[in-house]
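Inspection log for the structure reproduced underneath, given as structure tokens.
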4 protein chains.
Amino acid sequence: MNKNIIPAEYKEEIKKLKEEVYEANLKLVEYKLVIHTWGNVSGITKDRKFMVIKPSGVAYDLLSADDMVVTDLENNIYESKYNPSVDAPTHTLLYKANPDMKGIVHTHSVNAVAFAQSGQDIPCYGTTHADNFYGPVPCARALTPEEIDGEYEHNTGLVILETFKNRNIDFKATPATLVKEHGPFVWSFKSPMDAVNMALTLETVAEMAIKTSMVSNFKSSTAQPALVKRHYLRKHGKNATYGQKAK
Amino acid sequence: MNKNIIPAEYKEEIKKLKEEVYEANLKLVEYKLVIHTWGNVSGITKDRKFMVIKPSGVAYDLLSADDMVVTDLENNIYESKYNPSVDAPTHTLLYKANPDMKGIVHTHSVNAVAFAQSGQDIPCYGTTHADNFYGPVPCARALTPEEIDGEYEHNTGLVILETFKNRNIDFKATPATLVKEHGPFVWSFKSPMDAVNMALTLETVAEMAIKTSMVSNFKSSTAQPALVKRHYLRKHGKNATYGQKAK
Amino acid sequence: MNKNIIPAEYKEEIKKLKEEVYEANLKLVEYKLVIHTWGNVSGITKDRKFMVIKPSGVAYDLLSADDMVVTDLENNIYESKYNPSVDAPTHTLLYKANPDMKGIVHTHSVNAVAFAQSGQDIPCYGTTHADNFYGPVPCARALTPEEIDGEYEHNTGLVILETFKNRNIDFKATPATLVKEHGPFVWSFKSPMDAVNMALTLETVAEMAIKTSMVSNFKSSTAQPALVKRHYLRKHGKNATYGQKAK
Amino acid sequence: MNKNIIPAEYKEEIKKLKEEVYEANLKLVEYKLVIHTWGNVSGITKDRKFMVIKPSGVAYDLLSADDMVVTDLENNIYESKYNPSVDAPTHTLLYKANPDMKGIVHTHSVNAVAFAQSGQDIPCYGTTHADNFYGPVPCARALTPEEIDGEYEHNTGLVILETFKNRNIDFKATPATLVKEHGPFVWSFKSPMDAVNMALTLETVAEMAIKTSMVSNFKSSTAQPALVKRHYLRKHGKNATYGQKAK
């Protein structure tokens with residue numbers, strides 16, 4: 001057992017967060033976004049002092065909500081029976097760079113991985129994509145051998161941040177990325193479960209994109225900008241008409 | 001709450017229609033034609049004064065039949081807790097143009113969307129298609145930026161009507177269309193549930209068409225006209241031999 | 001009600017056969033080889049006087065075993081509430097040409113239909129195929145417009161018989177065929193349920209064949225003859241080593 | 001009944017092994033890696049004197065754990081009601097060549113078979129693959145007609161051994177192979193069930209590889225060596241960081 005103690009005032013919030021993160025991890029399996037113990041979901045406390053994340057490589061039927069691992073954003077482990085997911089340093093870096101981000105998911109869902117493995121963005125071919133991601137879902141550059149041999153998971157997070165900065169992409173408008181030769185990271189500014197729902201959306205959009213290529217014998221062009229804008233803004237922002245508002 | 005009052009004589013019919021439309025919306029999920037709250041089904045009263053449609057963006061487990069939204073064909077909302085689907089103006093336009101139409105479905109089913117995203121008709125490659133759609137399922141032209149920035153959902157309906165008129169397609173013989181870079185709309189002249197069943201048929205036919213292209217390395221030709229005619233008329237019209245007739 | 005009476009001595013055999021055929025039809029849906037009321041399975045009495053087949057176009061949840069339709073091999077209907085499947089004349093012709101055949105299935109399973117729609121045989125790419133079908137699964141020639149406009153379902157059966165005769169294919173060694181631009185017919189010399197199991201095998205083999213083309217960018221060659229022969233004879237014939245024999 | 005008697009001291013171990021092998025065979029069906037009675041799983045006693053394997057061609061609903069077949073590594077059958085899987089001689093040869101191997105699985109899973117049927121290795125396109133297989137999953141050379149006509153299943157094992165020897169592949173680092181024009185064999189140095197889990201992993205990795213080819217129009221390159229090494233060693237060997245260690 002690690003020696004770091006969670007302050008008493010966090011106990012209730014962390015208990016609730018562990019339940020949320022646990023349920024969100026189970027949903028990954030139910031949605032068929034992962035097999036075995038692949039994938040991981042995390043959440044964060046309101047003051048962003050603690051992250052809760054799935055343990056590394058433990059079978060789901062051996063886990064309870066209480067087994068979710070608590071770390072701080074420097075990756076120190078607090079009062080946890082298990083080691084956190086090996087990808088935890090990627091999560092913490094994304095949380096630090098995005099002070100409003102509430103949940104992060106990493107999956108190996110097949111269609112999104114296919115784009116990641118081919119090193120390509122998922123192009124915005126239509127409104128299903130535009131309703132959820134404003135522009136292509138970017139595939140980050142490959143890590144260098146030095147980045148891989150060093151703090152690999154931390155460097156994975158750095159390359160994601162670099163991609164969004166260099167390409168001027170908004171983490172809120174495009175809540176997902178592909179790590180090259182690896183797979184997707186997806187996030188939410190609402191909750192861990194919302195991030196999992198977005199991971200299912202990403203997988204569906206990726207499957208549609210592959211089939212769009214098939215239908216057109218690899219000759220499809222991306223959706224027209226006016227349509228992409230209309231659909232994105234129909235669901236997001238202050239003039240959104242989709243969903244229910246206070247009347 | 002909106003102020004429009006449903007006249008007392010409609011209460012019973014609308015209660016029943018809400019149940020039909022609710023069950024039909026649930027079927028969309030069961031058939032895996034949509035994920036999350038995507039897609040929508042509507043129905044219409046016998047005198048075509050009121051449409052009942054799914055609310056916009058509310059999770060299915062929060063909905064009951066009574067939460068289905070009532071509008072008239074001018075898109076005024078009547079005594080409803082929720083906003084209707086954003087696509088409601090496309091539905092009302094199709095109902096107005098087709099005085100016998102009884103149910104309309106919009107989905108984001110993957111294989112049909114692939115054709116819509118590539119801007120192609122679903123070709124009639126065989127009898128599974130011809131049993132249900134007499135000729136290709138047409139993909140409408142792209143909306144212009146002006147049409148998109150204007151009354152978008154209404155204009156979507158107009159482009160569908162234009163496509164069927166210009167190409168001389170019968171809404172009854174071909175009960176589905178693709179909206180370019182978007183997805184399918186499907187309808188029925190029997191009931192909302194029948195429209196959902198036809199949406200599953202469309203998705204299956206679209207999947208078959210993609211795989212037909214794969215098998216032939218994109219060299220398939222469409223089914224011969226005599227066969228298409230025979231199969232369509234075997235199931236439809238006064239000389240149909242498929243199914244059960246009064247004996 | 002039709003006036004033809006089933007002789008009393010057949011009542012018990014036909015009751016049992018109706019149950020077998022009913023269960024086999026339900027299995028088509030469970031195996032996902034059809035949606036809705038698509039597809040049909042038939043069986044035959046021992047003396048080959050009566051065929052039992054699914055009614056045409058009745059929803060499964062409205063059917064019981066007793067609703068299966070009884071005909072003779074000249075397509076006369078006996079004491080049945082419903083019309084038989086429209087494809088019944090194809091079934092009766094195959095039974096007449098094959099005095100040992102015990103069950104026939106017609107499906108619209110997606111991968112097999114893809115080959116039928118592209119007018120291609122399913123090539124024997126490996127042992128999964130060779131274990132079950134000795135050589136390619138043949139795609140019959142297209143019917144002529146005259147054959148389509150005439151006794152269409154009867155002519156469909158004739159074209160299958162012509163294909164097996166002209167290409168010198170054994171109905172026992174290759175228990176399936178594709179009707180061009182339509183879909184598969186599959187049979188068994190054991191039972192209606194065994195024919196349904198073979199229809200699932202055919203669909204799986206067809207899916208493998210499409211993916212084999214994908215993997216090789218349409219450059220795969222068929223399995224070597226010695227391997228095909230070994231696998232077929234490992235499961236079939238007097239020197240078979242697969243399965244359980246009396247010891 | 002064969003006359004070979006299992007020595008009394010093995011009864012308990014073999015009873016337990018039969019249960020493990022039975023459960024692992026059922027998992028093949030649950031994971032959708034096989035249909036019907038296809039595929040087989042085996043396990044081995046601690047002293048490697050007895051193998052337990054699925055019977056050949058018996059429906060799962062007729063089998064209990066006790067029906068699993070016991071053989072020695074020379075393929076003699078001991079006190080078993082049924083014949084073993086026809087592939088048993090391939091299993092025994094792999095066990096003899098690998099003194100630590102604990103379980104072997106043969107499936108006809110669709111995506112892995114597609115690579116086997118096209119005679120291609122499954123390339124390592126990304127980290128999902130590298131986490132589990134260190135380098136490509138090799139496709140063995142075709143058997144010669146003489147090898148096929150001779151001791152076919154034994155020769156299948158010999159060709160697998162030849163492939164791993166000639167290409168200098170470690171059975172522990174790459175726990176799967178493809179038999180050309182046939183399908184995958186997968187193994188584990190832990191247990192029969194672990195081998196089945198790896199067979200599911202292989203199928204998923206194969207599906208990802210096919211879709212990666214689709215996304216890139218057959219132009220994908222394999223993952224960079226530094227990344228493959230990092231991921232493999234993150235999960236395997238003495239410096240592994242994945243999963244839970246004694247602390």
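Some values worked out for this structure:
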item: Computed FRET value (nearest 0.05) for D:Lys81 with D:Asp170, which takes r as the C-beta separation and R₀ as 35 Å; result: 0.40
item: Proxy reagent accessibility, fewest Cβ within 10 Å first, across B:Val52, A:Val34; result: A:Val34, B:Val52
item: Under-5 Å amide H pairs with A:Ile122, H placed in peptide plane, nonlocal only; result: A:Val137, A:Cys139
item: Separation of alpha-carbon centers, region A:193-246 and region D:63-140, rounded to whole Å; result: 42 Å
item: Estimated FRET transfer efficiency (B:Lys32, B:Ser191; beta-carbon r; R0 22 Å; 0.05); result: 0.55
item: Chain B: relative contact order in percent, alpha carbon pairs under 8 Å with at least 6 residues between; result: 21 percent
item: Cross-link pairs C:Lys16/D:Lys3; A:Lys102/B:Lys180; B:Lys32/C:Lys16; C:Lys165/C:Lys211; A:Lys219/B:Lys165; B:Lys49/B:Lys172 - those with Cα-Cα distance over 32 Å; result: C:Lys16/D:Lys3; A:Lys102/B:Lys180; B:Lys32/C:Lys16
item: Cα gyration tensor shape of the protein assembly as shown, rounded if a/c is under 1.5, else prolate or oblate by comparing a/b with b/c; result: oblate
item: Label point 7 Å beyond Cα along the C-beta direction, distances from D:Glu162 to other copies (nm, shortest first); result: 4.7, 4.7, 6.6
item: Copy-to-copy label separations for A:Leu73, where each label sits 7 Å from Cα toward Cβ, in nm and ascending; result: 5.8, 5.8, 8.2
item: Shortest-first distances to equivalent copies, position A:Glu146, nm, label 7 Å out along Cβ; result: 5.7, 5.7, 8.0
item: ³J(HN,Hα) computed for each position of region B:146-151 - Karplus, 6.51 cos²θ - 1.76 cosθ + 1.60, integer Hz, glycine/proline x; result: 5, 5, 5, 6, x, 6
item: Residue-averaged [θ]222 nm for chain A, counting only DSSP H segments that reach four residues, each worth -39500 (n - 2.57); result: -12500 deg cm²/dmol
item: Where rotation carries B onto A, the chain B residue whose Cβ is nearest that axis, in whole Å; result: B:Met214, 5
item: Under the span-like rule (Cα at least 27 Å along the axis, Kyte-Doolittle mean at least -1.0), DSSP H helices of chain C; result: C:11-30, C:192-215
item: Range in chain B, longest, excluding exposed GluC sites (Glu not before Pro) [loop by DSSP; at most 15 other beta-carbon atoms within 10 Å]; result: B:152-247
item: Which of A:Val70, C:Val113 has the fewest Cβ neighbours within 10 Å, and the rest in rising order; result: A:Val70, C:Val113
item: Candidate aspartates and glutamates - alpha carbon under 12 Å from B:Lys15, same-chain residues fewer than 8 apart omitted; result: B:Asp66, B:Asp67
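Read-outs: derived from the displayed coordinates by stated rules, not from any lab. All values derive from a computational prediction rather than experimental measurement. All Cβ positions, glycine included, derive from the backbone under ideal geometry; neighbour counts span all protein chains shown.
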